[in-house]
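Got a structure here, written out as structure tokens. Questions coming.
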Amino acid sequence: MASLLSDKKETMRDIFGETILQLSKEDEKVYVVDGDLANSTKIDGVALKNPDKFLQMGIAEQNMLSVCSGLATTGLQPWAVTFAAFLSKRAIDQIQVQIAQPNLNVNMIGAYSGLLTGLTGKTHQSLEDIAIFRTLANMTVLAPADSTEVKKMMEFAHQFDGPVYMRLARDPYPVIFEDDYEFEIGKAVSLKEGTDVTIISTGTQTSRSIEAAESLEKEGLSVAVLHMPTIKPLDKKAIVKAAEKTGVIVTAEEHSIYGGLGSAVAEVLVEEKPVPMLRVGVKDRNTESAPNEALLEDFEVSAAHIAKAVKEVVKRK
Amino acid sequence: MTLSSEDLINKARLARRYVIETVHHAGAGHLGGPLSAIDLLTYLYFKEMNIDPKNPRNENRDRFVLSKGHSAIGLYSVLALRGYLPVEELKTFDAINSRLQAHPDLNALPGLDMSTGSLGQGISAAVGMALGAKLQNKAFRTYCIVGDGESQEGQVWEAADVASKYRLDNFVAILDYNKLQQFGWNGENGRRKIPVEAPENRWRAFGWHVISIDGHNFEEIEAAFKEAREVKDRPTIIIANTVKGKGVSFMENAYLWHSRVPTNEELANAIKELCVEG
């Protein structure tokens, strides 16, 4: 059976950069707001090719997000782009008071989310952003699995009137979705059917979950993969349905096990359909700088660790 | 609006009365800060800004942000006087489901241009509004009252920097320089104070046009706003020297009145001092 993961790999931030340049040319209301990371986050194309639509706020994220709030009140649609760690931790009070609570049309892009941020270590890794953003009323929280989904989510965010947070990855990932994929807000995507167990994954862990599911299939386990591109609002029905169908659940995310997708799924299951579940994510530890493979291994979030969790949870049936 | 200084003085007196009565009625709220900012707010809403209480969301209106959101009751009192809300509604201040939240809530009350209350943020949002006007070639101007205590927040200076870089000559910040905050630092003779001296130098260093005035003198306030309109290529800050608790002798310059609720007797004495019919 052919893998759901194509051999083609693409980088989310590259696609983001190309798409935002296009949007900034097509829509006079779209402005791209930088915190002096444009050449990392790939919004430098806007600065070079459409400079009138590029606003440099310098290395000052608190002011950057509050300025976006003010811009939005004048009818513009600012896209604030910086590293997920700074967006979610340095500017969160500004985002809550001046963007989320007033429900303003600001799109916030956390580039360099998760653990794999290119040898930058704990100050630049972002393992709390999902947890933080999903506590804010009015906030939409998105985590794309590949570059196709990045583009589709951007089209959604461009049309949507309200605050959106989207987390991106730094490095290339296999393309999962074809160009005709339709992203729907608040809807889970069933990538693979299965009867023994469901892996519910988000963001970059969706491709590692597919990898785990396909290898377990060879060992005779029937593993479903349910991709959760929208963490808020969460597709509760799909979660309950998966629990009813397979009886056990594993969650997978490149995020802390506290407060992220795993917690969100557990909240739903405990209230609606309690079944055994295990969460794959970064446990209660400080992270560090190291090559990607070493980080995935050491912090127990590789495809092999997802497979291990699946085997363990099946025993609890 | 053509109003004489005497008219403005009378309006400001009435607004001060509303502030004190409301805080007394709600049993909570700030007094010192709102009273120091009342004359500035009165001038802005009755003379300076291009606004229409009947059309509070007009996209071409001038914008106002109260960055020192703790003085919300001062703003609500002036908005009530100006016709944005019934004066009677001030009695709902801090009550459940009230449009008059302890700190301004953009969505609650038409006429508010930004939610504030977490200090240091309002001026940045106001910078965003002024920048939005420039980007869209709109003629509206943006005004923002900043607290001197609030200026201890680093974000104020991030905003000052960006406003200067984008040459926002459609933006006027007003520093309510009352020289007291909630508790502050030790001063002489047992007084409390803020540590900032000569804010003029700081703002000038950030590339702003700086005007210093007596923030309770309407002739000086008027001259400052007129001067600001003539400034090109940079933002203006009006350093308004004010008195915390202005208008009521026993509240003036006393940090304890930052957020104290007056007794019935204190309320009566305050109103007597203000000499104003309700």
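Please treat every number below as a calculation from the coordinates, not as lab data. Keep in mind that this is a model prediction, so the values were computed, not measured. Don't worry about glycine lacking a Cβ; one is built from the backbone with ideal geometry, like all the others, and counts go over all protein chains shown.
Please compute P(r) over all alpha-carbon pairs of the range A:9-174, binned at 10 Å starting from zero, and give each bin as a whole-number percent.
Whole-percent P(r) values from 0 Å outward: 11, 45, 38, 5.
Let me ask you something else. Compute the relative contact order of chain A as a whole-number percentage, counting only Cα pairs closer than 8 Å that sit 6 or more residues apart in sequence. Intermediate results must be reported in sequence, preceding the final value.
On the way: 722 pairs, mean separation 53.3, N = 317.
Relative contact order here is 17 percent.
Along Cα→Cβ, 7 Å out, is where each label goes; now give me the distance between the ones at B:GLU273 and A:GLU10 in nm to one decimal.
If labels sit at B:GLU273 and A:GLU10, their model points lie 6.9 nm apart.
Can I ask one more? Suppose each label sits 7 Å from its Cα in the direction of the beta carbon; what would the A:THR135-A:GLU244 distance come out to in nanometres?
That separation, rounded to one decimal, is 3.3 nm.
Something else now. Which links in A:LYS25/A:LYS152; A:LYS8/A:LYS42; A:LYS232/B:LYS68; A:LYS218/A:LYS317 stretch past 27 Å when you go from one Cα to the other? List each step's numbers first, then the result.
Values: A:LYS25/A:LYS152 18 Å; A:LYS8/A:LYS42 20 Å; A:LYS232/B:LYS68 33 Å; A:LYS218/A:LYS317 21 Å.
Over 27 Å Cα-Cα: A:LYS232/B:LYS68.
What FRET efficiency comes out for A:GLU178 versus A:GLU293 if R0 is 25 angstrom and r is the Cβ-Cβ distance? Round to the nearest 0.05. Could the numbers behind the result be given before it?
On the way: r = 28 Å, r/R0 = 1.14.
In this case the efficiency is close to 0.30.
B:LEU106's amide H: which non-local residues (gap 5+, or another chain) put their own amide H closer than 5 Å, with H modeled 1.01 Å from N in plane and none for Pro or chain starts?
B:SER115, B:THR116
What is the set of long-range amide H partners of A:ILE199 at a cut-off below 5 Å, with H atoms built 1.01 Å from backbone N?
Result for A:ILE199 returns A:ALA224, A:VAL225, A:LEU226, A:VAL250.
If you don't mind, there's one more thing I want to ask. Work out, step by step, the length gained on full extension between A:SER3 and A:GLU272: first 0.36 nm times the residue separation, then minus their alpha carbon distance; give nm to one decimal. Please report the intermediate quantities before stating the final value.
Numbers: separation 269, 0.36 × 269 = 96.84 nm, distance 3.31 nm.
93.5 nm is the gain from fully extending A:SER3 to A:GLU272.
Estimate the FRET efficiency between B:ASN60 and A:GLU26 by the formula 1/(1 + (r/R0)^6), using the beta-carbon distance for r and 30 Å for R0, to the nearest 0.05. Write down the numbers at each step before the final one.
Details: r = 26 Å, r/R0 = 0.85.
My answer for the efficiency is 0.70.
Now, a different point. Largest first and to the nearest Å, give the Cα extent of the range B:89-163 along each principal axis.
38, 31, 14
Hey, any idea what Rg/Rh is for the protein assembly as shown, computing Rh the Kirkwood way over Cα pairs?
Result for the protein assembly as shown is an Rg/Rh of 1.06.
Something else: Please compute P(r) over all alpha-carbon pairs of the range A:79-218, binned at 5 Å starting from zero, and give each bin as a whole-number percent.
Answer for the range A:79-218: a P(r) of 2, 9, 19, 20, 19, 15, 9, 4, 2, 0, 0 percent.
Something else about it: Could you tell me the center-to-center distance, by alpha carbons, between the range B:168-207 and the range B:51-105 in angstrom?
Centre-to-centre distance over Cα atoms comes out at 25 Å.
How would you rank A:214-220, B:19-25, highest first, on the average number of other Cβ atoms within 10 Å across their residues? Please report the intermediate quantities before stating the final value.
On the way: A:214-220: 13.6, B:19-25: 22.7.
The packing order, highest mean first, is B:19-25, A:214-220.
Continuing with the same structure: What's the percent breakdown of Cα-Cα distances in the range A:228-306 across 10 Å bins, shortest bin first?
In order of increasing distance, the bins hold 18, 46, 27, 9, 0 percent.
Now a separate question. Hey, got the Cα dimensions of the range A:140-268 along the principal axes, in Å, largest first?
44, 30, 27
If I take every Cα pair under 8 Å that is 6 or more residues apart in chain B, average their sequence separation and divide by the length, what percent do I get for the relative contact order?
It rounds to 23 percent for chain B.
Among all the aspartates and glutamates, which ones have a C-alpha under 12 Å from A:LYS283's C-alpha, if same-chain residues fewer than 8 places away are not counted?
Partners found: A:GLU128, A:GLU253, A:GLU254, A:ASP298, A:GLU300.
Using a simple charge model, +1 on the beta-carbon of Lys and Arg, -1 on the beta-carbon of Asp and Glu, nothing else, what dipole does the protein assembly as shown show about its Cα centre, in debye to the nearest 20?
Values: 66 positive and 80 negative charges, 125 e Å.
The dipole of the protein assembly as shown has a size of about 600 debye.
Let me know the Rg and Dmax you get for chain B when you use only its Cα atoms, in Å.
Gyration radius and largest Cα-Cα distance of chain B: 17.5, 53 Å.
Under the Kirkwood approximation for Rh and a Cα-based Rg, what ratio Rg/Rh is obtained for the range B:70-114? The partial results should precede the final answer.
Details: Rg = 9.2 Å, Rh = 10.3 Å.
A ratio of 0.89.
Continuing with the same structure: What do you get when you divide the Cα radius of gyration of chain A by 2.2 N^0.38 Å, with N the number of residues? Intermediate values should be presented prior to the final figure.
Working: Rg = 18.8 Å, N = 317, 2.2 N^0.38 = 19.6 Å.
Relative to the rule-of-thumb radius for its length, chain A sits at 0.96.
Sequence gap at least 6, Cα distance under 8 Å: using those rules, report the relative contact order of the range A:189-314 to the nearest whole percent.
On the way: 229 pairs, mean separation 36.5, N = 126.
For the range A:189-314, the relative contact order is 29 percent.
Modelling each spin label as a point 7 Å along the Cα-to-Cβ direction, I'd like the A:LYS89/B:ARG191 distance in nm, to one decimal.
Rounded to a tenth, the inter-label distance reads 4.3 nm.
Additional query: Cα-Cα pairs above 13 Å in the range B:1-43: how many percent?
Working: 482 of 903 pairs.
Roughly 53 percent, once rounded to a whole number.
Could you run the Debye sum over the Cα atoms of the range A:38-92, one equal point scatterer each and no solvent, and tell me log10 of I(q)/I(0) at q = 0.13, 0.16, 0.20, 0.26 Å⁻¹, two decimals?
For the range A:38-92, the Cα-only Debye profile gives -0.32, -0.49, -0.77, -1.17.
Something else about it: Which of the listed residues, B:ILE238, B:GLY187, B:ASN170, is farthest toward the dipole's positive end in the range B:169-278, when Lys, Arg count +1 and Asp, Glu count -1 at the beta-carbon?
Value computed over the given set: B:GLY187.
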